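Beneath this line is the structure, given in structure tokens, with notes to follow.
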Amino acid sequence: MAPWWCCNTAGGQTRHAWGGTGELLGAAGYYAVAFDARGHGDSDWASDGLYGQDVMVRDLECVIEALGKRRPVLVGASMGGGTSLVAVGEGHVDATALIMVDIAPRIEPEGVDKIQAFMAQKPEGFDSLEEVAQAISNYQPQRARPKNLDGLVKNVRLGADGKYHWHWDPRIRVGKRDLERRQQRLEACARRLALPSLLVRGGLSDVLSEEGAEQFLALCPHCEYINVTNAGHMVAGDRNDIFGTSVIAFLGRTVPVGGEPVHPAHLAGTHGTDAGEDINDVP
């Protein structure tokens, strides 16, 4: 069977964000699965309003179990990368490789604030897709604005009020965050990583700085690193061509199609975790 990927989206994104990457992976012989995180896209909103790292990891475990408990390559952007790092670093998931996209234990508060401000726009809803496109363009000026706005329908939902709303539960944004505790937890996970790992940073990112990337590489010395110039925080969307070819080259060395993964299977067993209140990761 083809090696398979489990793609974890960033906060506020839907599974469609991985569409282009999924096509590249499929063409290379891999089987890619991208899913909407709880509260995102077509997944249900959490009845209890919980969107912390622990529940996200449990959701990921359920997805893997539903797909036959096969050992996946975990790839995650931003929030999804944090989920993947915790899942592997605390022993919840036996993965063959880990790819983290523009996320690490140390992140820049200013960049997080900009994401929060973007997500907080127009809580009453947008009047048109044109207005949605303008908001995205203001946040991501490096990305070419689409001429056809139909694709934006995947990122928003048309409410009964006739306005377009982001396709995620607004409670995600207001959940409890603690960047210091988050960093401590993810640093501990990074130190435990033994599987092939790749960190991809957007050269224009204001969320993961070069210093933050270097700190992660010091914690996980065997991790490979790629800096994608002219890409922002959403690397795969900005430069899907470079992102796709880079990760396929990495997988060819570590989880080859038709061969055995370099990293052998291991028995499950979770490491000790922070027993405090579950906190939301950055979007």
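Numbers below:
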quantity	calculated
Bridge type composition, the chain - antiparallel percent by DSSP, nearest 5	20
Anisotropy class of region 1-114 from Cα gyration tensor, a/c 1.5 cut	rounded
Cα-centred dipole magnitude for the chain, charges only on beta-carbon of K, R (+1) and D, E (-1), debye, nearest 20	420
Relative contact order %, the chain, counting alpha carbon pairs below 8 Å whose residues are six or more apart	26
Relative contact order computed over region 127-255 (Cα-Cα under 8 Å; 6+ residues apart), in percent	20
Segment Gln116-Glu211, length gained on full extension (0.36 nm per residue, minus Cα span)	32.0 nm
Structure-based [θ]222 nm, the chain - -39500 (n - 2.57) summed over DSSP H runs of at least 4, per residue, nearest 500	-11000 deg cm²/dmol
Mean Cβ neighbour count within 10 Å, used as a protection proxy, ranking 68-74, 152-158, 140-146, 82-88 highest first	82-88, 68-74, 152-158, 140-146
In Hz, Karplus ³J(HN,Hα) per residue of region 189-198 (6.51, -1.76, 1.60; θ = phi - 60°; x = Gly, Pro)	5, 4, 5, 8, 5, 10, 7, x, 9, 9
Shape category assigned to region 114-168 from the gyration tensor of Cα positions, a/c cut at 1.5	oblate
Percent of beta bridges antiparallel (DSSP, region 119-253, rounded to nearest 5)	45
Highest average packing first - 242-250, 12-20, Cβ atoms within 10 Å	12-20, 242-250
Dipole magnitude of region 22-72, debye to nearest 20 (Cβ charges: Lys/Arg +1, Asp/Glu -1, about Cα centre)	300
Region 102-121 versus region 20-93: alpha-carbon centroid distance in Å	21
Förster-model FRET efficiency, 45 Å R0, Ser128 and Glu180, C-beta, rounded to 0.05	0.65
Free-standing Cys, the chain [no other Cys Cβ under 4.7 Å]	Cys6, Cys7, Cys62, Cys189
Net charge of neighbours whose Cβ lies under 13 Å from the Cβ of Asp42, counting Lys and Arg as +1 and Asp and Glu as -1	+1
Modelled FRET efficiency - R0 25 Å, Lys163 with Gln142, Cβ distances, 0.05 increments	0.35
Cα gyration tensor, region 176-233 - rounded (a/c under 1.5), prolate or oblate	oblate
Mean separation of Cα contacts under 8 Å (6+ apart) over length of region 1-91, as relative contact order %	40
Relative compactness, region 138-283, computed as alpha-carbon Rg over 2.2 N^0.38 Å	1.30
Protein accessible area in region 1-125, 1.4 Å probe - carbon and sulfur %	53
Cross-link partners of Lys154 among lysines (Cα-Cα below 24 Å; sequence separation of 8 or more within a chain)	Lys114, Lys122, Lys163
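The values are calculated or read from the model by the stated rules, or taken from the named source; none is laboratory data. In this text the structure is predicted, and so the values were computed from the model without any measurement. Note that we place each Cβ from the backbone using ideal geometry, even for glycine, and neighbour counts take in every protein chain shown. Heavy atoms of the whole protein, side chains included, go into the accessibility calculation; ligands, DNA and RNA do not. Shrake-Rupley method; radii C 1.70, N 1.55, O 1.52, S 1.80 Å.
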